[in-house]
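Here's the structure, in structure tokens; my notes come after.
The values are calculated or read from the model by the stated rules, or taken from the named source; none is laboratory data. In this text, all values refer to a predicted model and were calculated from it rather than measured experimentally. Note that each Cβ is placed from the backbone with ideal geometry, even for glycine, and that neighbours are counted across all protein chains shown. Note: accessible area is taken over every heavy atom of the protein model, side chains too, but ligands, DNA and RNA are not part of it. Shrake-Rupley method; radii C 1.70, N 1.55, O 1.52, S 1.80 Å.
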Amino acid sequence: MEDGERSPLLSQDTEGKKPALSMNNSPTSSCSGPAPREVQVGAWGSSCYPPGAKHRAWTEDPALSLPAGSSCIKYLTFLSNFLFSLLGLLALAIGLWGLAVKGSLGSDWRGPLPVDPMLGLALGALVVSSVSLAGCLGALCGNTCLLRCFSGSILAILVLESVAGALLVALWGPLQDSLEHILHMAITHYQDDLDLGFLIDQIQLGLQCCGAVSYQDWQQNLYFNCSSPGVQACSLPASCCIDPREDGASVNDQCGFGAMSLGADAAGRVVYLEGCGPPLRRWLRGQVPAMGTFAIVTAGIQGAELLLATQLIRALTVLKGATKDPRTDKERGADPGGS
């Protein structure tokens, strides 16, 4: 057969063949090349991205990514909230451990909530960790819903803190006047709560005082009253002693035994005679600058977190508007070379 006759047949065979593999079809051989990019994005795309933006996130289109400043805000928000989340979860674990050790978790919850510092720690840590996790995940995944929840929670906490601060300033005088009444109640229930007993001991040791007005206030306690049949009758806690260790390595729990049966001069050589009411008021007045500084720093951190979250929400909203704009997709789909 001549060459001229052979060419049409070869051309016809070539035109009759179909492509072995189309870009729109899935590969059928294990030795074929990688799957199309659309298939990869659909299979491996992160759930943090909206469905319509998976391909753009995979291709890392610089025109559809956050600007450098917004990216810094994103990672700063993530890191700060991640740190607060860890601290909140740690405090929550400590609070739950304290409740479990003291058996407060098994108490009768049908009545009023028990007055337990560990319960307050656990509830506060739960709020902090929940809010921080919302901000952490919202910044990491670019989820504006979580970021709005985080911002609303921070704003609500700021409002509550402002109300509490205003009430504290308004009621500062009456609270100081009621300190002695609070101390009397704490002395009465000294043995009923380990946390309360620890707090009273720390106050008496730190301020070098005993009782609310005087050391005789411990007569109100059922166990320390001189008419009590127990071994602690007419005695005082070791925290009332001038030298509770008595030059030893450990605290002598019996250093205040029989102190209230002694005269004032003899008792003054063993225990403190002044009550804790006046020195506690002086100590609280001295702590006002520190408490004010702490409140300002806390509010400043929360305000900075709120500002960062607001700026990040705004940047994400602008980015999502750009990805949903059909004109942007049309312009980006045009061939810059005119082909």
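Extension gain, Val231 to Leu171: 0.36 nm times the residue separation minus the Cα-Cα distance gives 17.4 nm.
Across segment 123-131, computed HN-Hα scalar couplings (Karplus, 6.51 cos²θ - 1.76 cosθ + 1.60, θ = phi - 60°) run 5, x, 5, 5, 5, 4, 5, 5, 5 Hz from first to last residue, x flagging Gly and Pro. For Ser214, nonlocal amide neighbours, meaning residues 5 or more places apart or on other chains whose placed amide H falls under 5 Å from its own, are Gly275.
Label sites at Arg148 and Leu307, each approximated as a point 7 angstrom past Cα along Cα to Cβ, lie 2.4 nm apart. Residue ranking by accessible heavy-atom surface, 1.4 Å probe, largest first, among Trp97, Trp283, Trp172, Trp218 comes out as Trp97, Trp283, Trp172, Trp218. Quickly work out the Cys141-to-Leu123 label distance, labels modelled 7 Å from Cα along the C-beta direction, and quote it in nm with one decimal. Rounded to a tenth, the inter-label distance reads 2.9 nm.
Note the full-extension length gain between Gln208 and Arg282 as 0.36 nm times their separation in residues minus their Cα-Cα distance, in nm to one decimal.
Details: separation 74, 0.36 × 74 = 26.64 nm, distance 1.30 nm.
Contour length minus the Cα-Cα distance gives 25.3 nm.
With a cut-off of 15 Å on the backbone N, the residues of segment 268-286 near the modelled label site 7 Å out from Phe294 along Cα-Cβ are 283-286.
With each label modelled as a point 7 angstrom along the Cα→C-beta vector, the Leu90-Lys320 pair spans 3.4 nm. Only protein heavy atoms count here; under a 1.4 Å probe, Ile73 has an accessible surface of about 40 Å².
A Cβ-based charge dipole, computed about the Cα centre of segment 257-315 with Lys and Arg at +1 and Asp and Glu at -1, lands at about 120 debye.
Ordering Gly211, Gly142, Leu121 by Cα displacement along the dipole of segment 89-245 toward the positive end leaves Gly142 in first place; charges were set at the Cβ atoms of Lys, Arg (+1) and Asp, Glu (-1). Remark: the Tyr75-Val159 segment gains 27.6 nm on full extension, using 0.36 nm per residue and subtracting the alpha carbon distance. Using a probe of 1.4 Å on the protein chains alone, the accessible area found for Phe150 is around 0 Å².
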